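Q: Take a look at this one; I'll ask things after.
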Amino acid sequence: MRKTDRHVFLRDLSKAISRCQGEEKAVGLLVVQVEQLDKVEGAFGYAISHKLLGEFCIRLESILRNDDRLILVGDRKFCLILNGIMNEGHAVLAASKIERLTNEPFAIDGHSVKLEASIGIAVFPDHASNAEDLVRRGELALTAAEEADTPYEIYSDGSTMRMASLWFIESELGRALDQTELELYYQPKISLQTGNPCGAEALMRWNHPTRGLVLPDVFIPVADRTGNLEPMTWYAINTALRQQSEWPDLWGKLTVAVNLSANVLKSEQLAITIRDAAKIWGSEPEQLILEITEDALITDPEESFSILRQLQSEGIGIAIDDFGTGYSSMSHFRDMPADELKIDKSFVLNMLDDERDRQIVSTAIDLVHTLDFSVVAEGVENKAILNELIDMKCDMAQGFLYAPALPQLEFIEWLNQYQPGESAQQDSVHGEVVDVATETNG
């Protein structure tokens, strides 16, 4: 399918609206964005991703009625014009069908690949009176679906308000850095061999003066999209190493982990920033761990792996985050330059109730040990899970069983009071602290 010129697309949509005005019917517009295609390309190559997009197009065409039209408007974006529908519900039904189409993996050249799609829905005349406005509101609904991580969203005033809020966040991020509104919280990591703290993961929080706590899963993607994530990461590295130097030495030298995005990993300033911060705060390279997600690495594994090897050669630890949720092939996994892998909490949380998750965790631990990496289990929330992980020979754990993510002073208090073998309770002296995001890429 060839990409359609925007002028031609709007002309065809205007004609559909004119016809339905005469018939007193509605026109539905579905804006469909294929997600994570770049990661598929990184894992399997361009040929596979190109075939995958073609197969997705064929599936979309299979649900069309005779009067509907499917139009390619971007490299991975489609618009579906639903002619003569009775109401909004018919557009939602079509979106639900598309969602079901993506649930079934695609078989491409011996690979089984699952795609994800986000869909924005707008309907004439309920949401707009002309083609331009209908497209704009369909795009707003699409953005709302992507930001909310839902399969589809229908245009509403609420979605417009949400976009306005995101634009506000975009405009305020720079000031947040200048005014030191950003703060690092620390979630402890525990050695399962000794029961002692061995480090902590630094997680960013934004305390806005009028809006209160802005969630990382809201502002981090905006920062990445707008170019603010790089200075935020430099702030995180400097702050983490400075505050690490203030931690008590009850448990020896603790590591601190800072999350990185794929773009920041490739910045020429990364190594310079780490060296300068370590020199200023008297840190050893081995006390810093850089966490990067499995998905972020495979977009360009050759360059990413080369950078990570250089960082490793300087003594800096490398952790692969969200392990098990990405598209990595076994060859990528074998060659990853890493010191530890963190098993995603989505597997750990349910492993006592779901035998498949338990097998995934157990197999991952055995496999990672074969490659001489350490294993960290995230999402450890009770002693039953902890005991199972100990039986599986897992190396480290972090989760609410020990502590949520804590601000610096509370984390220091936690280190001073921690007793090996006794888990911290959420209603302890630290008060009720909710860990709103365990991955913030910065």
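Q: Taking the chain as the reference, fit the longest principal axis to its C-alpha atoms, fit the long axis of helix 355-370 to the helix C-alpha atoms, and give the angle between the two in degrees, 0 to 90, nearest 10.
A: Its long axis makes an angle of about 50 degrees.
Q: Excluding residues fewer than 8 places away in the same chain, name every one of the lysines whose C-alpha is closer than 19 Å to that of residue 266.
A: Counting by Cα, and skipping residues close in sequence, residue 266 has these lysines nearby: 39.
Q: Arranged by the count of other C-beta atoms within 10 angstrom, fewest first, what order do 370, 210 take?
A: Working: 370 9, 210 5.
Arranged by neighbour count, lowest to highest, 370, 210 become 210, 370.
Q: Taking residue 15 as the anchor, which lysines have their alpha carbon closer than 24 Å to its alpha carbon, excluding any fewer than eight residues away along the same chain?
A: Excluding near neighbours in sequence, the set is 3, 25, 77.
Q: Any idea which of 283, 405, 190 is furthest toward the positive side of the dipole for the range 170-417, if Lys and Arg beta-carbons carry +1 and Asp and Glu beta-carbons -1?
A: 283
Q: Now, a different point. What are the residues whose amide H is under 5 Å from the amide H of residue 314, where those residues sit 5 or more places off or on another chain and H is modelled from the backbone?
A: Here nothing satisfies the definition.
Q: Follow-up. Could you sort the peptides 252-262, 270-280 by per-residue average Cβ neighbour count (10 Å cutoff), highest mean leading?
A: Working: 252-262: 21.3, 270-280: 15.8.
Output ranking for 252-262, 270-280: 252-262, 270-280.
Q: Something else about it: What whole-number distance in Å separates the alpha-carbon centres of the range 6-45 and the range 332-357?
A: Answer, in whole Å: 38.
Q: Let me ask something else about it. Just tell me which lysines come within less than 20 Å, Cα to Cα, of residue 189; anything on the same chain fewer than 8 places away is out.
A: Cross-link targets: 253, 342, 345, 383, 393.
Q: Another one. So how far apart, in nm, are the two label points at residue 371 and residue 75 if each is 7 Å from Cα heading toward Cβ?
A: 2.8
Q: Treat the count of other C-beta atoms within 10 Å as a stand-in for reagent exposure and order 79, 57 from fewest to most.
A: Working: 79 22, 57 15.
Ranked by crowding around the Cβ, least crowded first: 57, 79.
Q: So for the pair residue 207, residue 412, with labels modelled 7 Å out along Cα→Cβ, what separation do we get in nm?
A: 1.5
Q: Specify whether the C-alpha gyration tensor of the range 170-417 places it in the rounded, prolate or oblate class, a ≥ b ≥ c being the square roots of the eigenvalues: rounded for a/c under 1.5, otherwise prolate if a/b is larger than b/c and oblate if not. Walk me through the numbers on the way to the answer.
A: Numbers: a/c = 1.44, a/b = 1.24, b/c = 1.17.
Note, shape of the range 170-417 comes out rounded.
Q: A follow-up question, please. If I take R0 = 56 Å and measure r between the Cβ atoms of residue 250 and residue 25 in this structure, what FRET efficiency does the formula 1/(1 + (r/R0)^6) give, to the nearest 0.05?
A: On the way: r = 72 Å, r/R0 = 1.29.
Computed FRET efficiency for residue 250 and residue 25 comes out at 0.20.
Q: Compute a Gaussian network model of the chain, connecting alpha carbons closer than 10 Å, and tell me which residue from 143, 233, 180 fluctuates the most.
A: In the Gaussian network model the winner is 180.
Q: Mind ranking 116-123, 219-226 by how tightly packed they are, going by the mean number of other C-beta atoms within 10 angstrom, highest first? Write down the numbers at each step before the final one.
A: Values: 116-123: 24.4, 219-226: 19.6.
So the peptides 116-123, 219-226, ranked by packing, come out 116-123, 219-226.
Q: Work out the length of the dipole vector of the chain about its Cα centre, built from +1 on the beta-carbon of each Lys and Arg and -1 on the beta-carbon of each Asp and Glu, and round it to the nearest 20 debye. Walk me through the numbers before you get to the answer.
A: On the way: 38 positive and 72 negative charges, 270 e Å.
Roughly 1300 debye, rounded to the nearest 20.
Q: With a 10 Å cut-off between alpha carbons and a GNM built on the chain, which of 396, 86, 336 moves the most?
A: Fluctuation is largest for 86.
Just so you know, all these numbers are worked out from the coordinates, no wet-lab data involved. Everything quoted here is computed from the prediction, not taken from an experiment. Reconstructed Cβ throughout: ideal geometry from the backbone, glycine too, with neighbour counts over all protein chains shown.
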